[in-house]
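The values are calculated or read from the model by the stated rules, or taken from the named source; none is laboratory data. Keep in mind the model is a prediction, meaning the values are calculated, not measured. Ideal geometry is used to build each Cβ from the backbone, glycine not excepted, and the neighbour counts take in all protein chains shown.
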């Protein structure tokens with residue numbers, strides 16, 4: 001699919017990997033809707049890329065549906081969804097106090113990362129399936145965000161790893177499901193990237209994390225994630241695939 005002139009939705013587009021992806025889409029000529037809970041960030045990015053900022057909670061059906069409608073009113077129906085919004089968590093199953101981890105903490109991460117991804121996908125797909133087909137019957141493409149933690153999660157990452165493994169696990173069946181509508185689905189599983197969260201860590205900690213990556217021994221650049229996400233849109237034969245973007249990193253137990 002040619003990105004030039006297409007309407008695109010980027011959830012979590014106000015910072016980090018989402019912001020980089022929104023900027024790359026705009027550079028390639030897309031009309032970008034920056035979806036985020038933090039409207040200050042969303043408006044900042046949207047203003048700089050001549051896009052539109054839309055407040056959105058991906059895990060709430062009404063919020064996501066309204067965001068799709070608002071973006072469509074500004075740019076026309078979207079054919080591209082970059083589902084990047086997500087949260088992290090680190091809780092041991094049994095804490096230092098001997099008590100079990102709170103169930104609500106696990107449920108919150110699953111709700112945002114996994115259910116939120118499915119919610120965004122189902123609503124986008126329903127709207128996209130109504131559009132006229134383009135070349136080869138294509139109607140749209142979705143790119144999800146998992147994590148290397150889906151495959152080698154560390155101590156305390158039960159909720160995060162489970163949520164991202166769920167995203168990875170539904171990629172192929174969703175691609176098969178939506179093939180009849182000409183909608184492709186792929187997932188990127190990033191490793192350690194220099195997002196605002198990691199950039200806020202002390203420099204020695206950042207260097208230690210970077211040294212754990214075989215090559216290149218540095219934190220990933222958000223622009224590298226964005227470039228891959230946009231390549232997936234361009235490459236019509238990429239479908240149902242999970243792509244690790246991690247410099248050959250395999251996470252240690254802790």
Name the pairs: first residue in segment 217-239 and without any contact (Cβ under 8 Å) to a residue 60 or more places away in the chain, second residue in a helix (DSSP H, G or I), Cβ to Cβ under 7 Å, at least 6 apart or on different chains? 217/210; 217/211; 218/210; 219/198; 219/206; 219/209; 219/210; 238/232
Can you name the helices (runs of 4 or more DSSP H) wholly within segment 51-165 that have at least 3 residues being without any contact (Cβ under 8 Å) to a residue 60 or more places away in the chain and either buried (at least 22 other Cβ atoms within 10 Å of the Cβ) or touching a helix residue (DSSP H, G or I) at 6+ places or on another chain (Cβ under 9 Å) (or both)? 61-75, 103-109, 116-128
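Any residue that is closer than 24 Å to residue 231 by Cα and modelled with pLDDT of 95 or more - is there at least one of those in segment 107-114?
Yes.
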Hits in segment 37-50 (condition: touching a strand residue (DSSP E or B) at 6+ places or on another chain (Cβ under 7 Å) and either in a helix (DSSP H, G or I) or under 12 Å from residue 71 (Cβ atoms) (or both)): 39, 42, 43, 45, 46, 49
Go through segment 150-176 and count every residue that is within 19 Å of the chain's Cα centre (by Cα) and more than 19 Å from residue 86 (Cα to Cα). 4
For segment 189-211, what are the residues that are outside any strand (DSSP E or B), under 18 Å from residue 146 (Cα atoms) and modelled with pLDDT of 85 or more? 191, 192, 194, 195
Selection within segment 237-254 - surrounded by fewer than 14 Cβ atoms within 10 Å (Cβ to Cβ) and in contact with a helix residue (DSSP H, G or I) (Cβ under 8 Å, 6 or more places away or on another chain): 250
Quickly run through segment 1-18 and pick out the residues that are in a helix (DSSP H, G or I) and either surrounded by fewer than 23 Cβ atoms within 10 Å (Cβ to Cβ) or over 11 Å from the mean Cα position of the chain (by Cα) (or both). 16
When you go through (1) buried (at least 18 other Cβ atoms within 10 Å of the Cβ); (2) modelled with pLDDT of 95 or more one by one for residue 44, which number turns out not to apply? (1)
Restricted to segment 196-223 and to residues being buried (at least 16 other Cβ atoms within 10 Å of the Cβ) and in contact with a strand residue (DSSP E or B) (Cβ under 9 Å, 6 or more places away or on another chain), the residue nearest to residue 28 (Cα to Cα) is 222
Would you mind telling me which numbered condition in (1) touching a residue at least 40 places away in the same chain (Cβ under 8 Å); (2) more than 17 Å from the chain's Cα centre (by Cα); (3) exposed (fewer than 13 other Cβ atoms within 10 Å of the Cβ) residue 179 fails? (3)
